[in-house]
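Scroll down for the structure; my scribbles are underneath it.
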Amino acid sequence: MAIRGGVMSESRVNLPFIVGALAKFWWLIVLGAVVGLVGCFGYASMQTPLYKSTVSLHFSLDRGASAMDLNQGSAYTQGQMLSFAQLVEGSRVLDPVIDELGLDVTTRELERALEVSVPQDTVTMHITATDGSPEGAAAIATAVGESLVVEVQEVAPRNAEGGSTITAVIYDDAVPPAYQSSPNKTRDAIIGGVIGGAVATAMALLIALLDTRIRSEEALSKVSDYPVLGKIESSALLNGRSIALLKKPLSHAAEDTLRIRSALRYATVASPVKVLLVTACSPGEGKSTVSANLAAALAANKDSVILVDGDLRRPRVHEFAGIDGSIGLTDVLLEEIDDEVAIHNIRGTRIDVLPAGRTPPNPADMLTSQRMADLIGKLSSQYTYVVVDTPPILSVADVNLLIPLSDGVVVTVDARRTRHAQLLRSMRSLEAGGARILGTVLNRARPDRSRAEYYSET
């Protein structure tokens, strides 16, 4: 088997694949980043601004004169700091603040607006209040700090004189903040842009991974071991059903076809080919374009060539040749006319064309008839090359029926449509029919921007 049957996605996900996907979908990544940035900035702008203000307190033990007593007192006070922090959340501290400031909130609501922190191994405490105004945040923090000082005096152990052994004082007053703490529009916008860009990047990689179309000659060479004879770039000239070498000999399309001719000769040097089938995986992939232009390229080397339209279901060859296709192969096989009458010459060239003629009700039977075998044998003795445009492989079995009459098959691959699995099935079908696959041609490939402008489309 010449086909690689391994899982394609395992070999596709590598650095070149990632770079190519990001380069192809850069606009999606930029769009995602911009949408994320603008969206988060807009959302942050609609939120109510909040301000934070902090009051700081110091706690000390009013007992002991020696250094040992002071150390023990400090250690004792540190051990009580978490207990004092719990007092901040209680109603005995917060209810006086609500009454003093006339706040329209409950004790629990005010508690959720406070943050209490005690630095490790210290006797200090920071109380941070959050409010919708700078002045309100400072007023709440100050009132809570003052209320806590009073409460500590009430709950602390008493000395012999009946006074509190713990003293709490405010050493850093709360002040109205100059800037809001949230929402942070700049930060949120940056985070939104990063997240949006990351999501878009993941989408780009996923789209690229799920897109199994064969976009390049490199990708085509990885699908099968058969030679890639060349590519034909997407061109308005070929979209108009033209033979590039005849209409514009210096065009990119003409040069592409000549390169394919050279590659085909190298591929058949050991065993020359006279009857050549040109096919594709599915309809609309450009097999007729390749057939007509390849026939012209072969004839350009002063070889006699006949182009036979073997697609009796959807004939197109006569359109490229610019001839009447109503009488042709079908009529010859029915022995209604001689092949000499049905064959047309493209004026000024060594290319003869045998169109398909009318569509018969039984194309497969006609292609497998002895009359068809005799006709191909006759043509191969009269011409250097017989190029047969055949139906797509996956649509009907006609191409497999013609394999015994041919010397080789060229498979057209559309860079915009043909998928990895389709080509694999097509190759397997041809191999099962005993075909000699000469190689593949990538049709409608992306134009190379760096290509020299010597060969111009105009």
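In the stretch 308-355, of all residues being over 27 Å from Lys248 (Cα atoms), touching a strand residue (DSSP E or B) at 6+ places or on another chain (Cβ under 7 Å) and among the aliphatic types (A, V, I, L, M), the one that is surrounded by the fewest Cβ atoms within 10 Å (Cβ to Cβ) corresponds to Ala342.
Pairs are defined by a Cβ separation below 9 Å, a sequence spacing of at least 6 or placement on different chains, a first member in the stretch 318-343 that is within 16 Å of Asp374 (Cα to Cα) and free of Cβ contacts under 8 Å to residues at least 12 places away in the same chain, and a second member that is surrounded by 21 or more Cβ atoms within 10 Å (Cβ to Cβ) and hydrophobic (A, V, I, L, M, F, W, C); the pairs so defined are Asp338/Val332. Those helices (runs of 4 or more DSSP H) of the stretch 315-403 in which at least 3 residues are within 21 Å of Arg436 (Cα to Cα), considering only elements entirely within it, cover 370-382, 398-402. The one condition from (1) within 30 Å of Arg419 (Cβ to Cβ); (2) at pLDDT below 95; (3) assigned to a helix (DSSP H, G or I) that Met68 does not meet is (1).
Run Gly193 past the list (1) surrounded by fewer than 20 Cβ atoms within 10 Å (Cβ to Cβ); (2) within 30 Å of Val34 (Cα to Cα) and report the number of the one that doesn't hold. Result: Gly193 fails condition (1) only. Residue count for the stretch 234-269 satisfying the condition of being loosely packed, with under 14 Cβ neighbours inside 10 Å, under 21 Å from Arg347 (Cα atoms) and modelled with pLDDT under 85: 1.
If you go through the stretch 255-278 and keep only what is part of a helix (DSSP H, G or I), over 19 Å from Leu430 (Cβ atoms) and not small (Gly, Ala, Ser), you end up with Glu255, Asp256, Thr257, Leu258, Arg259, Arg261, Arg265, Tyr266. Among the residues of the stretch 230-246, just one is in a strand (DSSP E or B) and either in contact with a Ser or Thr (Cβ under 6 Å, 6 or more places away or on another chain) or within 19 Å of Gln422 (Cα to Cα) (or both), namely Lys231.
Would it be correct to say that Arg158 is farther than 17 Å from Phe84 by Cβ, without any contact (Cβ under 8 Å) to a residue 60 or more places away in the chain and assigned by TED's automatic domain parsing to the domain that holds Leu61? Considered against the rule, which asks whether it is farther than 17 Å from Phe84 by Cβ, without any contact (Cβ under 8 Å) to a residue 60 or more places away in the chain and assigned by TED's automatic domain parsing to the domain that holds Leu61, Arg158 comes out as no.
In the list Ala204, Ala168, which residue meets the criterion of being in contact (Cβ under 8 Å) with a residue 12 or more places away in the chain, over 19 Å from the mean Cα position of the chain (by Cα) and surrounded by 16 or more Cβ atoms within 10 Å (Cβ to Cβ)? When all the criteria are applied, what remains is Ala168. Name the single residue, out of those in the stretch 86-145 being assigned to a loop (DSSP other than H, G, I, E, B) and in contact with a strand residue (DSSP E or B) (Cβ under 7 Å, 6 or more places away or on another chain), that is modelled with the lowest pLDDT. Taking the candidates together, the pick is Val123.
Can you name the residue in the stretch 273-307 that is of a type in the set (Ser, Thr, Tyr) and surrounded by fewer than 21 Cβ atoms within 10 Å (Cβ to Cβ) and is also nearest to Ala397 (Cα to Cα) among such residues? In this case the residue turns out to be Ser282.
The values are calculated or read from the model by the stated rules, or taken from the named source; none is laboratory data. Please read these numbers as outputs of a predicted model, since none were measured by experiment. Neighbour counts run over all protein chains shown; Cβ positions are idealised from the backbone, glycine included.
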